[in-house]
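Here is the structure we will look at.
The values are calculated or read from the model by the stated rules, or taken from the named source; none is laboratory data. What you see is a predicted model, and the numbers here were worked out from it, not measured in a lab. Cβ: placed from backbone, ideal geometry, glycine included. Neighbour counts: every protein chain shown.
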Amino acid sequence: MFPNHRPRRLRNHPQIRRMVRETVLNTNDLIYPLFAVPGKGIAEEVSSMAGVYQLSVDKIVEEAKDVYHLGIPAIILFGIPEDKDLEATGAWHDCGIVQKAAAAVKQAVPELIVIADTCLCEYTSHGHCGYLQVDDLTGRVLNDPTLELLKKTAISQAKAGVDIIAPSGMMDGFVGAIRTALDAAGYQDIPIMSYAAKYASSYYGPFRDAADSSPQFGDRRTYQMDSANAREATPGNRT
Ligand SMILES: [Zn+2]
């Protein structure tokens, strides 16, 4: 206790501060997000995020080469498909935009880690992160049927050469379901990097512009977490 304990001793010199600093951010910690669109030679700036572009696969490959040479270890791919439907076909089809982009990047820059966002909101006609019944305009996503689509999506992404699966839709049981499906399909070595604590928030606005994934009706509060609940986000407190 004070006066024996004087934590400022460790703050007096810049080199000592350097030595005891707990958190250091360098290029090893970075993941570069890329938004893939169909077509060729396309670079469409996202209006709400200066310097962020929707890119066609050829442009994604160019960008991935730059990213790799800058020492950034990984990219994460989001896809904007040509067509959207109720089953999110573009997410899990082997010719989906993320599958094409992943295969092209892995061929051009095999050492760059490719992560795939594994969600359905970019691919559903209504913009929600899962499956819902045609006549249900409340945006109440059906959890378990959505897991089936996420399993198909993850397997298809792994097949395309994706190194890490990143599910983001906040469905109950989604990590376990995807793990079981990947293992059964022979992808035991593919890690899952889940956005396991994701809050319903308007901070996602610019991202939704980039990924063209705003819900057409309702909101995501029945599946993303309530931002008032910090304890719920902590491992061990989840139910
Ligand atoms: Zn989503």
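Taking Ala116 as the residue in question, decide whether it is in a helix (DSSP H, G or I) and at pLDDT 95 or above.
no
Can you name every residue in segment 141-184 that is of a type in the set (S, T, N, Q) and within 18 Å of Leu77 (Cα to Cα)?
If the condition is that a residue be of a type in the set (S, T, N, Q) and within 18 Å of Leu77 (Cα to Cα), then Thr153, Ser156, Gln157, Ser168 are the ones that fit.
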Notebook entry, point to check: Taking into account only those residues within segment 176-199 that are surrounded by fewer than 16 Cβ atoms within 10 Å (Cβ to Cβ) and touching a strand residue (DSSP E or B) at 6+ places or on another chain (Cβ under 9 Å), which is modelled with the lowest pLDDT?
Noted result: Ala196
Item checked: Total residues in segment 183-215, condition within 13 Å of the ligand (Cβ to nearest atom), outside any helix (DSSP H, G or I) and within 22 Å of Val162 (Cβ to Cβ) -> 5
Margin query: List pairs: first residue in segment 157-186 and touching a residue at least 40 places away in the same chain (Cβ under 8 Å), second residue among the acidic types (Asp, Glu) and within 16 Å of the ligand (Cβ to nearest atom) anywhere in the structure, Cβ distance under 6 angstrom, at least six positions apart or on different chains.
Written below: Ala166/Asp117; Ser168/Asp117
Check: Of the residues Ala160, Ala166, which is within 20 Å of Asp94 (Cβ to Cβ) and either more than 16 Å from the ligand (Cβ to nearest atom) or aromatic (Phe, Trp, Tyr) (or both)?
Finding: Ala160
Notebook entry, point to check: For segment 136-149, does any single residue satisfy the condition of being within 16 Å of the ligand (Cβ to nearest atom), of a type in the set (A, V, I, L, M, F, W, C) and without any contact (Cβ under 8 Å) to a residue 40 or more places away in the chain?
Noted result: yes
